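Working notes, beginning with the structure itself.
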Amino acid sequence: MILVTGAGGTVGREVVQALQREGLRFRAAYHTEEKAAKARGSGLDAVTVDFAKPDSLRPALRGVSKLFLLSAATPDLAEQEMGVVEQAKQAGVGHLVKISVWRASEEEFTFARWHRSSEKAIQASGVPFTFLRPNSFMQNLSTYYAQSIRATRTIALPAGHAKESCIDVRDIASVAARVFSETTHFGHAYDLSGPESLSYHQVANTLSVALGRKITYVDVSDEEFSRGMRGSGAPPWLTDAILEMQHYAKRGQAADVLGSVQQILGRRPLSLDRFARDYSNAFL
Ligand SMILES: NC(=O)c1ccc[n+]([C@@H]2O[C@H](COP(=O)([O-])OP(=O)(O)OC[C@H]3O[C@@H](n4cnc5c(N)ncnc54)[C@H](OP(=O)(O)O)[C@@H]3O)[C@@H](O)[C@H]2O)c1
């Protein structure tokens, strides 16, 4: 039995579907009680957990042998995940698959440092693990930028001409399901990319073709971006962490196209064109 944390989020929702496709037994763990109730209503084995209260994991981990660990990217990520790992160890979990971030091992930006700190604790815990380190999600477009794309037909980011090999979260979910099915992935960390490295000008062009309407990328300054984030109520640490990632990408460090998804799944990762067509309703 696999416990899927973050089951109500962008990646977790897809992991639930991938495990269902693979016919693997799982329990879905939500933070929001209404989401857990809805999932139970649709026939899932669903529970609520709160990483800030590690004891809440104890009933959720009953009968569980594998754990999919996903946390929201917040400053207490490492501390909360350490609490979860302690509970998992006590429950005798035999394989922990953690969602980390691109090149976490290099600790070059804040999100990478938070995730690496948690990875180190997992390695020290002795629980067999696999780390999945995806590049930026294609779904950031539908989650965070769709409203602006619908309203103004623009994507405004301080990304310059930086290229990123963004990945579709459906591929991350398929990789997670495969990794749970095979013991060969114990002790491995996989950086995961999409099939191509694109600038936001190219992203906007791909969306334009798929949606049949012109979408334009607007390269905004760091100051303009920060002002917009402040206006939307985002905490300063989040603005700083995103800007840091943009600078990282501008140095060309998020551009590599890797073969890991192909190696694990035996097929090419999904393209941005495919993503844009499948998610077109979010942008129209
Ligand atoms: N976005 C990117 O481009 C990107 C790239 C690489 C790596 N990542 C990593 O991916 C992760 C985010 O994945 P995502 O986009 O799927 O996240 P998400 O959609 O924001 O979902 C986060 C999940 O965490 C759950 N949660 C929130 N607080 C919790 C708590 N106190 N205890 C237990 N669960 C809690 C939420 O549960 P409910 O839904 O029930 O409320 C939600 O399902 C982060 O670790 C991030 O660093 C992101």
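Please treat every number below as a calculation from the coordinates, not as lab data. Quick caveat, the model's predicted, so the values are computed rather than measured. A quick note on method: Cβ atoms are made from the backbone with ideal geometry, for glycine too, and the neighbour counts reach across all protein chains shown.
What distance in nm separates the two pseudo spin-label positions at Arg227 and Ser125, each 7 Å out from Cα along the beta-carbon direction?
Calculated label separation equals 4.5 nm.
Which residue, Ala60, Ala176, Ala72, has the most motion in a Gaussian network model of the chain that connects Cα atoms within less than 10 Å?
Ala72
Relative contact order, percent, of the range 163-284 when contacts are C-alpha pairs under 8 Å separated by at least 6 residues?
Values: 125 pairs, mean separation 55.6, N = 122.
Relative contact order here is 46 percent.
Ignoring trypsin sites (Lys or Arg not before Pro) that are buried or in helix or strand per DSSP, and keeping those with at most 13 other beta carbon atoms within 10 Å, what is the longest stretch of the chain between them? Write out the running numbers ahead of the final one.
Details: sites that count: Arg25, Arg62, Arg213, Lys214, Arg251, Arg267.
Value returned for the longest uninterrupted segment is 63-212.
Given that compact globular proteins tend to follow 2.2 N^0.38 Å, what is the ratio of the alpha-carbon Rg of the range 146-238 to that value? Let's see the in-between values first.
Values: Rg = 17.3 Å, N = 93, 2.2 N^0.38 = 12.3 Å.
Dividing the Cα radius of gyration by 2.2 N^0.38 Å gives 1.40.
The range 10-126: Rg/Rh from Cα coordinates, Kirkwood Rh?
Details: Rg = 14.3 Å, Rh = 14.9 Å.
Across the range 10-126, the Cα-based Rg/Rh ratio is 0.96.
With each pseudo-label sitting 7 Å past Cα toward Cβ, what's the Gln17-His188 distance in nm, one decimal?
So the two model labels end up 2.5 nm from each other.
What would the Debye formula give as log10 I(q)/I(0) at q = 0.09, 0.15, 0.17 Å⁻¹ for the alpha-carbon point model of the range 42-191, no solvent?
-0.33, -0.86, -1.05
Once the Cβ-Cβ distance between Gln147 and Lys89 is put in as r, and R0 is 45 Å, what FRET efficiency do you end up with, to the nearest 0.05? Before the final figure, lay out the partial values.
Details: r = 42 Å, r/R0 = 0.93.
My answer for the efficiency is 0.60.
In what sequence do Met138, Met1 fall when counting other Cβ within 10 Å, fewest first?
Working: Met138 27, Met1 13.
Neighbour counts put them in this order, fewest first: Met1, Met138.
Provide the percentage of antiparallel DSSP beta bridges, counting only those with both residues in the chain; round to the nearest 5. Don't skip to the end; give the middle numbers.
On the way: 2 of 29 bridges.
Rounded to the nearest five, the antiparallel share is 5 percent.
Provide the three semi-axes, in whole Å and in decreasing order, of the ellipsoid equivalent to the chain as defined by the square roots of 5 times the Cα gyration tensor eigenvalues. Walk me through the numbers on the way to the answer.
On the way: eigenvalues 195, 82, 74 Å².
Semi-axes from the Cα gyration tensor: 31, 20, 19 Å.
At a threshold of 8 angstrom on Cα-Cα distance, excluding pairs fewer than six apart, so keeping six or more, what relative contact order does the range 56-108 reach in percent?
Values: 37 pairs, mean separation 27.0, N = 53.
Over the range 56-108, the number comes to 51 percent.
Among 240-247, 185-192, how do they line up by average Cβ neighbours within 10 Å per residue, starting with the highest?
Details: 240-247: 18.0, 185-192: 16.5.
Put in order of decreasing packing, that is 240-247, 185-192.
When you take every Cα atom in the range 106-153, what is the radius of gyration, and what is Dmax, the widest Cα pair distance, in Å?
When restricted to the Cα atoms of the range 106-153, Rg and Dmax are 16.2, 50 Å.
Which value, in nm² and rounded to one decimal, describes the direction-averaged projected area of the C-alpha convex hull of the range 126-284?
Working: hull surface 41.4 nm².
Across all orientations, the range 126-284 yields a mean hull projection of 10.3 nm².
At 4 °C and 1.567 mPa s, what whole-number value in µm²/s does Stokes-Einstein give for the translational diffusion of the range 221-284, with Rh from the Kirkwood sum over Cα pairs?
On the way: Rh = 14.9 Å.
Here the translational diffusion coefficient equals 87 µm²/s.
For the chain, what is the relative contact order in percent, using Cα pairs closer than 8 Å and at least 6 residues apart in sequence? List each step's numbers first, then the result.
On the way: 524 pairs, mean separation 50.8, N = 284.
About 18 percent, as a whole number.
Against the longest alpha carbon principal axis of the chain, how many degrees, from 0 to 90 and to the nearest 10, is the axis of helix 10-22 turned?
60
List the extent of the Cα atoms of the range 190-257 along each of their three principal axes, largest first, rounded to whole Å.
Result, largest extent first: 35, 33, 19 Å.
Any chance you could give the angle, 0 to 90 degrees and rounded to 10, that helix 77-90 forms with the longest Cα principal axis of the chain?
Result, in degrees: 20.
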